[in-house]
Amino acid sequence: ILGHPVEFNHQDDGCSAEGGQAGAQALAADPTIAAVIGTSCSSAALGVADTILSDKGVVLISPSNTGPALTDPATHQPFYLRTAHNDKLQGAAVAAYALEEVQATSAATIHDGSPYADGLQQVFADEFAAGGGTIVSQEAIQVGDTDFKPVLTDIGAALTEAGGTTMLYYPIFVAEGGLITQQAREIGDLEDTQLAGSDGMFTPDWIEAAGADNAEDVAISGPDLTAFQQNEFYEGEFLPAYQEKFGEEPQSVFHAHSFDAMNMVAQAIEEVAIEGDDGSLQIPRTAFKDALFGIEGFEGITGNLSCDENGDCQQTAIMAVHVVKGGDFGDPVFSREFSLAE
């Protein structure tokens with residue numbers, strides 16, 4: 001950027017608050033860090049990395065945090081923004097799928113207490129109820145638990161009592177999501193219930209954890225990756241370059257959001273950086289942050305990005321639902337654009 005090499009400092013947040021704290025502290029202590037692309041999970045950011053880095057005046061821009069609280073005016077940190085969608089969009093999409101495609105009349109949810117899962121299931125529950133559905137149960141589990149049969153048995157009984165077409169939505173992560181999928185198949189009352197998760201499970205690792213037979217017909221939501229295929233650069237340059245560098249296609253559902261985040265950072269640095277006569281480069285932190293938040297109509301792979309005052313740069317997003325068939329997510333069975341303005 002501006003003739004200066006970019007060095008990579010990788011900190012693993014472990015998809016946890018503890019990891020987010022450790023990683024953010026390590027990066028905040030390095031005065032050469034201009035911006036941080038992250039965190040991976042909302043739980044590593046909310047009240048942890050977003051606060052630590054904002055207090056230091058270091059931009060944190062996430063390609064994969066989707067928890068609504070991160071950009072809620074009451075909890076938003078001034079140097080935090082994201083290219084990932086807000087789960088207000090994803091929750092609405094899953095509710096629309098449940099009501100229109102599954103034609104569910106009753107639903108239950110499971111979350112793991114993380115900002116991502118709790119926030120997402122709550123948006124779904126609110127939207128599903130607003131659309132005329134009935135939420136019979138919203139259960140919480142603990143990360144690391146392995147026996148979910150008691151909670152699944154209770155949910156199955158509640159859904160059976162409610163009658164009609166039913167859905168169980170558990171927008172959690174790979175380990176617990178795989179076990180819940182396995183164990184739900186053993187609960188008689190859930191035999192005809194549509195199982196559904198979201199992008200925390202949108203990975204081949206979850207199918208492996210659940211077992212292909214158990215994952216069959218489970219609905220999984222996330223950003224519509226097929227929409228990116230309309231982008232000439234994505235198809236003609238990005239994917240071939242990625243394949244050449246890494247020897248495989250992108251495995252993360254948020255790979256394009258990451259690419260967009262880095263290019264936004266580069267654009268903002270070029271806009272505000274001060275080049276010294278001695279070859280030095282200074283990046284005024286507040287001006288850099290303001291340049292990022294001032295981005296409008298940035299032409300990214302994921303669409304045209306415009307950042308609002310709370311850090312949401314993806315004002316609209318095409319959200320999709322896939323149904324697993326033969327151990328593969330396949331093409332979307334539901335896809336629609338949702339907007340934060342709605």
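The values are calculated or read from the model by the stated rules, or taken from the named source; none is laboratory data. Source: prediction; values computed, not measured. FYI the Cβ positions are ideal-geometry reconstructions off the backbone, even for glycines, and counts take in every protein chain you see. Accessible surface is based on the protein model in full, side chains and every heavy atom, while ligands, DNA and RNA are left aside. Shrake-Rupley method; radii C 1.70, N 1.55, O 1.52, S 1.80 Å.
Things to note:
- Note on residue 193: accessible area is roughly 10 Å² with a 1.4 Å probe, heavy atoms of protein only.
- Residue 262 contributes about 70 Å² of solvent-accessible surface, heavy atoms of the protein only, 1.4 Å probe.
- The label point for residue 339 and the one for residue 146, both projected 7 Å from the Cα toward the Cβ, are 4.9 nm apart.
- Shape category assigned to the range 217-342 from the gyration tensor of Cα positions, a/c cut at 1.5: oblate
- The shape of the range 75-116 comes out oblate: with a ≥ b ≥ c from the C-alpha gyration tensor, a/c is at least 1.5 while a/b does not beat b/c.
- Backbone geometry of the range 141-146 corresponds, through the Karplus equation with coefficients 6.51, -1.76 and 1.60 at θ = phi - 60°, to 3J(HN,Hα) couplings of 10, 10, 4, x, 5, 10 Hz, x marking Gly and Pro.
- When the Cα gyration tensor is reduced to axis lengths a ≥ b ≥ c, the ratio a/c is 1.5 or higher for the range 60-176, and with a/b not above b/c it is classed as oblate.
- Given charges at Cβ of Lys, Arg, Asp, Glu: the chain dipole, positive-most of 200, 210, 121: 121
- Using the Cα coordinates of the range 179-241, the gyration tensor eigenvalues translate into equivalent-ellipsoid semi-axes of 32, 12, 8 Å, sorted from longest to shortest.
- Backbone phi angles across the range 63-76, fed through the Karplus curve with coefficients 6.51, -1.76 and 1.60 (θ = phi - 60°), yield HN-Hα couplings of x, 9, 6, 10, x, x, 5, 5, 10, 6, x, 6, 10, 5 Hz in residue order; Gly and Pro are listed as x.
- Kirkwood-type radius of the chain, with distances r between different C-alpha atoms, in Å: 20.8 Å
- Converting phi to 3J(HN,Hα) with the Karplus coefficients 6.51, -1.76 and 1.60 and the offset θ = phi - 60°, the range 149-157 yields 4, x, 5, 5, 5, 5, 5, x, 5 Hz in sequence order, with x at every glycine or proline.
- Of every Cα-Cα pair in the range 1-139, the percent that sits beyond 19 Å: 54 percent
- DSSP-assigned coil residues among GluC sites (Glu not before Pro) in the range 239-288, each with at most 14 further Cβ atoms within 10 Å: 248
- Accessible surface of the range 1-123 [probe 1.4 Å, protein heavy atoms]: carbon and sulfur percent: 52 percent
- About the centre of its Cα atoms, the chain shows a dipole size close to 440 debye [charges on the beta carbon of Lys, Arg (+1) and Asp, Glu (-1) only; nearest 20 debye].
- 5 angstrom amide H check on residue 300, placed H, neighbours 5+ away: 305
- Given their separation in residues at 0.36 nm each and the Cα-Cα distance between them, residue 309 and residue 242 gain 20.9 nm when the chain is fully extended.
- Once the Cα-Cα distance is subtracted from the 0.36 nm per residue extended length, the residue 249 to residue 328 segment shows a gain of 27.0 nm.
- Between residue 175 and residue 275, the modelled labels are 4.9 nm apart [label points 7 Å from Cα along Cα→Cβ].
- When the solvent-accessible area of the range 136-228 is split by element, carbon and sulfur atoms take up 44 percent of it, the probe being 1.4 Å.
- Solvent-accessible area per residue, Å², over the chain with all protein chains present [probe radius 1.4 Å]: 44 Å²
- Taking every DSSP bridge with both residues inside the chain, close to 45 percent are antiparallel.
- Selection among 264, 254, 241 by position relative to the dipole of the range 237-279 gives 254 as farthest towards the positive end (Cβ unit charges, Cα centre).
- Summed side-chain charge close to residue 326 - residues other than residue 326 whose Cβ falls under 12 Å, Lys, Arg +1, Asp, Glu -1: -3
- Under 13 Å of direct C-alpha separation, and excluding same-chain neighbours fewer than eight residues apart, residue 56 reaches these aspartates and glutamates: 30.
- Principal-axis tilt of helix 174-184 within the chain, Cα atoms, nearest 10 degrees: 10 degrees
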